[in-house]
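S.K.: Starting off with a structure, shown below.
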Amino acid sequence: MQKEHTFTAQLGDHTISLSTGKLAAQAGGAVIVQSGETVLLATATMSRSPRAGIDFFPLTVDFEERLYAAGRIPGSFFRREGRPSEKAILTSRLVDRPLRPLFPKDLRNDVQVILIALSQGDEQHADTLGILAASAALTISDVPFEGPIAAVRIGQIDGQLVVNPTIPQMEESDLDLRIGASADAIIMVEAGASEIDESTMVEAMMLAHESIQGLIEVQNQMRAAVGKPKRDYQPFMTPEALFTRVEALANDPLRELLATTLLKGERIEALNAIEAEVHEALAEEAEANAWTSGMINEAFHDVFKNLVRARILDEGIRPDGRDSRTIRELSAEVGLFPRPHGTGLFNRGETQVLSLATLGMPGEQQELDDLFPEETKRYIHHYNFPPYSTGETWPLRGPKRREIGHGALAERALIPVLPSKEEFPYTIRVVSEVMSSNGSTSMASTCGSTLALMDAGVPITAPVGGIAMGLVSDGARYRVLTDIQGMEDHLGDMDFKVTGTRNGITALQMDIKIKGVTREILKEALEQARLARLEIIQVIETALPAPRVELSKYAPKMLSTQIDPEKIGALIGPGGKNIRAIQEKYGVKIDIEEDGTVFIAATGGEGADQALHYIDAMMETPEQGKVYSGRVVRIADFGAFVEILPGTDGMVHISQLSDHRVESVSDVIEIGDEVLVMVTAIGADGKIRLSRRAVLEGWTLEEAQEQDRPSGGGQRQSGPRRPRRR
């Protein structure tokens, strides 16, 4: 048995413990992290040999949900966890992103990081703890890793920034900022915010970086106490001689190419032609020196990358001829198709996204069955990235992790401007279809979704625009780039996505390929993003200045009413009989909430109004002295039964059917007749006594009750005297 070692650190008001040596001894590194009742196990393991034939570092990070951690059994048919939930995928991506830049660039061994939630409490979030756990496992493992790093969540409650807020506290927060950073610099940013200004956001980032220093230090202590020696690996480096030969052959043609302005497809074709010429020129040398085709490709890529970056740093000119602040050509359209409830088409250069909005019933909101606090989701954004958007082909196998992540970012960007459920009770789904991609499709999805929501008549408080910022740095110099295209994302050092309104930021996401960015870079990037965002919002408002006042004729018309929660069962009926009958009769959908709120929706016609009137009547409590228009549902010798409210009827005695003597009930009324009757009495058993005569005579309740006293079950033999008026 190994000896367990435990270390502790403080984060905000909470103590975090990190232990190793008790579980998963055969993993490269294994650490248990605990804060409150939330406990995670992280393992980090590297394969014994490199993966052959690849030109990238094969890192995988998986957050494995186990519902036993929350004391629950999975709701699936198999009662076993299946494919990861959306939140699990997003957590995996969140952990992956700050780790990835800290591995050797020439490592080709598989590295696998697995996180398992062993216990999920009601106070502490698992996502930022997962980054800490993964970093600690890598730090003490034999895997080459240039960490440690740590992560923290920052909230803003009542105007005050809060370090490591709890799950309940976050319900009151205007900011959800998650930072992953090393001791020296910030590496990853993920945020949702309620229109936070740029200066507050930078302040929150700096507070986050300061607050995690103790977590960095405790990992250094762990490495010194129990860390394994880092394992040697076979480096995959381009031979210097090969790089020199490729540079000599490709330098001039690539410079000429960069001096031209081409579309993405044209540039790719031109690059492929130059690369093919280099391969042909090096055929004999490659065979003699055992240079593989992959090595030549990598050398060619490095030469091109160096040229692009040098041109940006030295001359401030980007591959398409823009300077560092210019946005590509913008355009926006709405109302493209008749049946979707709202549509928006947004173009930025060669990037084009079509977003389509659908409005549904409150009961159509997404139910979540995972470890995270949220149980339902009212606003749903889905992002699709088909192969034709890049002129390629690949099998369609459902959304990949990247698509889940991009959809979540665009979703988070719009949530702060959505109307409340009380103001606009619809469930809202927006699907963004990427039609053409040349960088920053997630930000185009944000803009397209704003257009689609406004076109659908969703009363958002302000339009939201999004822009992707880039960075090129050689350590001594840097340039922040506005609106990066695909090549700049691939060859640059940063992808910093910023969304917001005219008033402030609603979402952030930053990934970098270097080991961190400084406060100065963050401030400059956010300011450039703010100016670009204002320009984009102007284009959005030109297409549609404000949300449409009326919904699409194909959107469900939504009405609501409030009933006594005690009467919900009566409205639903045995086995749902009543509610089904109402839906079928009026062609509506009905949702009932626990507090007694009833939502009624119908597409076209007057069905929703009619159903609302019926339900209000059905739930009404009969009142003595009130006159109702009712329908005769049954006749007996002694009187008639009249339905005064849906499902509620009372008896009109034969003596109270008319203002004159009646020999037979059928002489004055028949089944199906509509009659006006007054409620004269409601018995303790709920039986209701009615009088038609009281309405015909214009009696008060007291007068009606005085006259409605037949003896012996029959009517009086002589006509009653009209009550004396005083």
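S.K.: Take the residues of the stretch 63-82 that are closer than 22 Å to S135 by Cα and surrounded by fewer than 17 Cβ atoms within 10 Å (Cβ to Cβ): which is nearest to the chain's Cα centre (by Cα)?
M.R.: Among them, the one singled out is E64.
S.K.: Looking at (1) under 25 Å from P574 (Cα atoms); (2) at pLDDT 90 or above; (3) of a type in the set (D, E, K, R), which is the one condition that is false for D637?
M.R.: (1) is the only condition that D637 fails.
S.K.: Filter the stretch 518-562 down to the residues that are buried (at least 17 other Cβ atoms within 10 Å of the Cβ), modelled with pLDDT under 95 and either touching a strand residue (DSSP E or B) at 6+ places or on another chain (Cβ under 6 Å) or of a type in the set (F, W, Y) (or both) and list them by number.
M.R.: Passing the criteria: A555, P556, K557, M558, L559.
S.K.: Scan the strands (runs of 3 or more DSSP E) fully inside the stretch 441-515 and keep the ones with 3 or more residues being of a type outside the set (K, R) and buried (at least 24 other Cβ atoms within 10 Å of the Cβ).
M.R.: The qualifying strands (runs of 3 or more DSSP E) are 465-473, 494-500, 505-512.
S.K.: Moving on to the next point. Mind checking which pairs have a first residue in the stretch 496-510 that is within 10 Å of L526 (Cβ to Cβ) and a second that is of a type in the set (D, E, K, R) and in a loop (DSSP other than H, G, I, E, B), Cβ under 9 Å, 6 or more apart or different chains?
M.R.: Qualifying pairs under 9 Å: I505/D197.
Yes/no per residue for (1) touching a helix residue (DSSP H, G or I) at 6+ places or on another chain (Cβ under 9 Å); (2) more than 23 Å from V598 (Cβ to Cβ); (3) buried (at least 20 other Cβ atoms within 10 Å of the Cβ):
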position: T351; (1), (2), (3): yes, yes, yes
position: M361; (1), (2), (3): no, no, no
position: L368; (1), (2), (3): yes, yes, no
position: L371; (1), (2), (3): yes, yes, yes
position: E374; (1), (2), (3): yes, yes, no
position: Y383; (1), (2), (3): yes, yes, yes
position: P386; (1), (2), (3): no, yes, no
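S.K.: Something else: For the structure I just gave you, tell me whether D110 is assigned by TED's automatic domain parsing to the domain that holds M222, among the charged types (D, E, K, R) and not in a loop (DSSP other than H, G, I, E, B).
M.R.: yes
S.K.: Next question. Looking at the stretch 591-645, which of its residues are among the charged types (D, E, K, R) and free of Cβ contacts under 8 Å to residues at least 40 places away in the same chain?
M.R.: Scanning the stretch 591-645 gives E594, D595, E606, E620, R634, D637, E643.
S.K.: Going by the structure shown, is L526 within 25 Å of the chain's Cα centre (by Cα) and not basic (K, R)?
M.R.: Criteria met by L526.
S.K.: Follow-up. Search the stretch 411-430 for residues being part of a strand (DSSP E or B) and among the hydrophobic types (A, V, I, L, M, F, W, C), and hand back the single one that is farthest from K589 (Cα to Cα).
M.R.: Restricting to residues being part of a strand (DSSP E or B) and among the hydrophobic types (A, V, I, L, M, F, W, C), the top hit is V430.
S.K.: Given the structure, is S76 modelled with pLDDT of 95 or more and hydroxyl-bearing (S, T, Y)?
M.R.: No: the conditions fail for S76.
S.K.: Being without any contact (Cβ under 8 Å) to a residue 60 or more places away in the chain and either over 36 Å from the mean Cα position of the chain (by Cα) or within 26 Å of P386 (Cβ to Cβ) (or both) narrows it down to one residue among E350, E333, E298, E247; which is it?
M.R.: E247
S.K.: Out of the residues in the stretch 135-167 that are touching a residue at least 40 places away in the same chain (Cβ under 8 Å) and of a type in the set (D, E), which is farthest from V111 (Cα to Cα)?
M.R.: E146
S.K.: Looking at the stretch 621-642 only, could you name the residues that are touching a Phe, Trp or Tyr at 6+ places or on another chain (Cβ under 9 Å), part of a strand (DSSP E or B) and farther than 15 Å from V695 by Cα?
M.R.: V632, V633, R634, I635
S.K.: Same structure again: I need every pair where a residue in the stretch 394-414 that is over 16 Å from T91 (Cα atoms) has its Cβ under 6 Å from the Cβ of a residue that is part of a helix (DSSP H, G or I) and of a type in the set (S, T, Y), sequence separation at least 6 or different chains.
M.R.: Once the first residue is over 16 Å from T91 (Cα atoms) and sits in the stretch 394-414, its partners that are part of a helix (DSSP H, G or I) and of a type in the set (S, T, Y) give A410/S442; A410/S445; A410/T446; A410/S449; A413/T446; L414/S449.
S.K.: Continuing with the same structure: Is it the case that the stretch 26-47 has a residue that's surrounded by fewer than 16 Cβ atoms within 10 Å (Cβ to Cβ), among the hydrophobic types (A, V, I, L, M, F, W, C) and not assigned by TED's automatic domain parsing to the domain that holds E375?
M.R.: no
S.K.: Ok, one more. Just to check your reading of the model, which residue among T15, T20 is modelled with pLDDT of 95 or more, exposed (fewer than 13 other Cβ atoms within 10 Å of the Cβ), assigned by TED's automatic domain parsing to the domain that holds I212 and of a type in the set (S, T, N, Q)?
M.R.: That would be T15, the only listed residue that is modelled with pLDDT of 95 or more, exposed (fewer than 13 other Cβ atoms within 10 Å of the Cβ), assigned by TED's automatic domain parsing to the domain that holds I212 and of a type in the set (S, T, N, Q).
S.K.: Does T128 satisfy the criteria of being part of a loop (DSSP other than H, G, I, E, B) and either crowded, with 17+ Cβ neighbours inside 10 Å or aromatic (F, W, Y) (or both)?
M.R.: No: the conditions fail for T128.
S.K.: Say we look at the stretch 300-338 and pick out the residues that are among the small types (G, A, S) and surrounded by 15 or more Cβ atoms within 10 Å (Cβ to Cβ); which of these is nearest to D474 (Cα to Cα)?
M.R.: That would be S324.
S.K.: For the stretch 576-604, give me each residue that is in contact with a helix residue (DSSP H, G or I) (Cβ under 9 Å, 6 or more places away or on another chain) and farther than 17 Å from M361 by Cα.
M.R.: Passing the criteria: N578, K585.
The values are calculated or read from the model by the stated rules, or taken from the named source; none is laboratory data. Predicted model, so just to flag it, every value in this text is computed and none were measured. Methodologically, a virtual Cβ is constructed for each residue, glycine included, from the backbone with ideal geometry; neighbour enumeration extends over all protein chains shown.
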